[in-house]
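Q: Have a look at this one.
The values are calculated or read from the model by the stated rules, or taken from the named source; none is laboratory data. Keep in mind it's a predicted model, so treat the numbers as computed, not measured. Every residue, glycine among them, receives a Cβ derived from its backbone with ideal geometry; neighbour counts consider all protein chains shown. Only protein heavy atoms, including side chains, enter the accessible area calculation; ligands, DNA and RNA are left aside. Shrake-Rupley method; radii C 1.70, N 1.55, O 1.52, S 1.80 Å.
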Amino acid sequence: MAYFENIDKIKYEGSNSTNPYSFKFYNPEEVVGGKTMEEYLRFGVAYWHTFTEDLSDPFGVGTAQRSWDKFDGMDLAKARVEAAFEFFEKLNVPYFCFHDVDIAPEGSSLRESNQNLDSIVAMIKDYMKDSKTKLLWNTVNNFTHPRFVHGAASANNADVFAFAAAKVKKGLEVGKELGAENYVFWGGREGYETLLNTDMKLELDNLGRFFNMAVNYAEEIGFDAQFLIEPKPKEPTSHQYDFDVASGYAFLQKYDLADKFKFNIEANHATLAGHTFEHELHYARVNGLLGSVDANQGHPLLGWDTDEFPTDLYATTLAMYEIIKNGGLGRGGLNFDAKVRRGSFTPEDLFLAHIAGMDAFAVGLRVAQKLLDDNVLEGIVKDRYSSFYEGIGKEIVDGTSDFQKLEQHALQLDEIKHESGRLELIKANINQYLLKAYAGE
Ligand code: XUL
Ligand code: CO
């Protein structure tokens, strides 16, 4: 049975096409910077936003029209798998990702939940045999069920810690079974609502113990996925421990995990933390920790995680700039942790939204590569720091200087000369490159 019978396979038709069901800029075979767009961008579809989301919000019920919703229970889970693989094929997307509860309903016991998972995982494995779409990452949802009301690995209750561990154990087994390239930890409730009833030291230590046990178990079963932490500063907690890349990195170092994890960076989480998307990508990159990306965007006027499809070309360009400088995303990818708006409730909107996001990142890739090829920004940065390439600057960098020598140097200075930072020129240059990309130049 077809769930998207009105939609044909989405093809690249170029920037002049008026067909909404076509890619205007994403041409999977086009080579940019020595790799095809498909290899560079490694797009992934999020199962939860695309196949289980009903589009409800805190003030209104769900509006999504999904033909699989006529089923329920395990039949619904099976219908979603059929719909998902039809969607992946029509969108021609190389990856997908999911939480345990997205693909199979929880049973009345852990044992029953695991049985439900086993049967859907077997079905997905079968579909994957005839599909090019692979599993970018999986994870488990340790935040929705009431048992996680006070957290999971950072809960105040050891039974909850054990339950959370059992779910991650199963998640690692599922990841191995389906050949997941990464495994994600987003600490939805690993944080607190108030310090007034929280033992922060114990919670952080427990979280460290939990991650170490997960690493050990993955090694034990031979699951060699890249482990990723997905930082977010808050929501639903008022403070989440994996606040941003910098605090996540400090946590990993303290608990001896820094060489076992990288980061999955989500645009809207970065902005919630008061950072730009490119800040988080950059911070991870320069520390060798950029693993994967949850591609989306926040609404500039709303202060929460709106998970919109990314359409802001300036943001996708700066993000792709970081990703290219990282040498690509390795085993990671650009997963759309993005959902259609509540008013965009038709099944067709699911395609149109992904096309918009894929095209936006394809433009970002083209423009960022051109900015690098033409040395538009790199030269400016290099020049700005030229004082560190020779003389006293080189001594500082080489570690051969000290306060005595620096005082001697400072004492003989007359006037310190500064150059303009040229910020407006830099921004004008980026605009010029973006507009040239529209014109196909
Ligand atoms: C929530 C969020 C999650 C993670 C996976 O803000 O981003 O969907 O990506 O648990
Ligand atoms: Co996410």
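Q: For residues that are aliphatic (A, V, I, L, M) and either more than 23 Å from Tyr95 (Cα to Cα) or out of contact with any Lys or Arg (no Cβ under 7 Å at 6 or more places or on another chain) (or both), scanning just segment 287-307, find the one that is farthest from ligand 2 (Cβ to nearest atom).
A: This residue is Leu301.
Q: Still on this structure, I have one more. Checking the conditions here, which among Val61, Val101 is over 29 Å from Tyr26 (Cα atoms), of a type in the set (Val, Ile, Thr) and free of Cβ contacts under 8 Å to residues at least 24 places away in the same chain?
A: Only one candidate qualifies: Val61.
Q: Continuing with this model, one more query. Might you let me know whether segment 109-130 holds any residue that is acidic (Asp, Glu), under 30 Å from Glu13 (Cβ atoms) and free of Cβ contacts under 8 Å to residues at least 24 places away in the same chain?
A: So far as segment 109-130 goes, yes, one or more of its residues are acidic (Asp, Glu), under 30 Å from Glu13 (Cβ atoms) and free of Cβ contacts under 8 Å to residues at least 24 places away in the same chain.
Q: Applying the selection to segment 314-346, what residues are part of a helix (DSSP H, G or I), more than 16 Å from ligand 2 (Cβ to nearest atom) and either polar (S, T, N, Q) or open to solvent by less than 30 Å² (accessible area, probe 1.4 Å) (or both)?
A: Within segment 314-346, Thr316, Thr317, Met320, Tyr321, Glu322, Ile323, Ile324 meet the criteria.
Residue-by-condition table, conditions (1) without any contact (Cβ under 8 Å) to a residue 40 or more places away in the chain; (2) over 18 Å from Glu322 (Cβ atoms); (3) of a type outside the set (Asp, Glu):
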{"residue": "Thr346", "(1), (2), (3)": "no, yes, yes"}
{"residue": "Ala356", "(1), (2), (3)": "no, yes, yes"}
{"residue": "Asp359", "(1), (2), (3)": "no, yes, no"}
{"residue": "Gly364", "(1), (2), (3)": "no, no, yes"}
{"residue": "Ala368", "(1), (2), (3)": "no, no, yes"}
{"residue": "Tyr385", "(1), (2), (3)": "yes, yes, yes"}
{"residue": "Tyr389", "(1), (2), (3)": "yes, yes, yes"}
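One line per residue, one yes/no per condition, for (1) among the polar types (S, T, N, Q); (2) away from ligand 2 (no atom under 16 Å from the Cβ); (3) in contact (Cβ under 8 Å) with a residue 24 or more places away in the chain:
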residue: Leu136; (1), (2), (3): no, no, yes
residue: Ala158; (1), (2), (3): no, yes, no
residue: Gly175; (1), (2), (3): no, yes, yes
residue: Leu178; (1), (2), (3): no, yes, yes
residue: Asn182; (1), (2), (3): yes, no, yes
residue: Leu196; (1), (2), (3): no, yes, no
residue: Leu207; (1), (2), (3): no, yes, yes
residue: Gly222; (1), (2), (3): no, yes, yes
residue: Pro231; (1), (2), (3): no, no, yes
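Q: Looking at (1) open to solvent by less than 60 Å² (accessible area, probe 1.4 Å); (2) basic (Lys, Arg); (3) without any contact (Cβ under 8 Å) to a residue 60 or more places away in the chain; (4) within 16 Å of ligand 1 (Cβ to nearest atom), find the lone condition where Arg285 falls short.
A: So the condition that Arg285 fails would be (4).
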